[in-house]
């Protein structure tokens, strides 16, 4: 992602996906979007980012180490 508008747009797209708990930018150039959540459709999220932002690649998917959300 080359511009602040692209970064902001990517964060908004990721935050709207069902199951997302948190979204953040990482990397030296803040060019990686890190999404944490339960039952997030990684392929669907990647497709949405590609469609609306032009480019996206899925680097890794892994299980959460523990619960990040409080149970009610």
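Computed from the coordinates by the stated procedures, all read-outs in this text should not be read as laboratory data. None of these values were measured; they are calculated from a predicted model. Ideal geometry is used to build each Cβ from the backbone, glycine not excepted, and the neighbour counts take in all protein chains shown.
General remarks:
- Ranking of 22, 48 by count of other Cβ atoms within 10 Å, fewest first: 22, 48
- Using a simple spin-label model with pseudo-atoms 7 Å out from Cα toward Cβ, residue 31 and residue 58 lie 2.2 nm apart.
- Hydrodynamic radius (Kirkwood) for the chain, which is based on Cα pairs only, to one decimal in Å: 12.8
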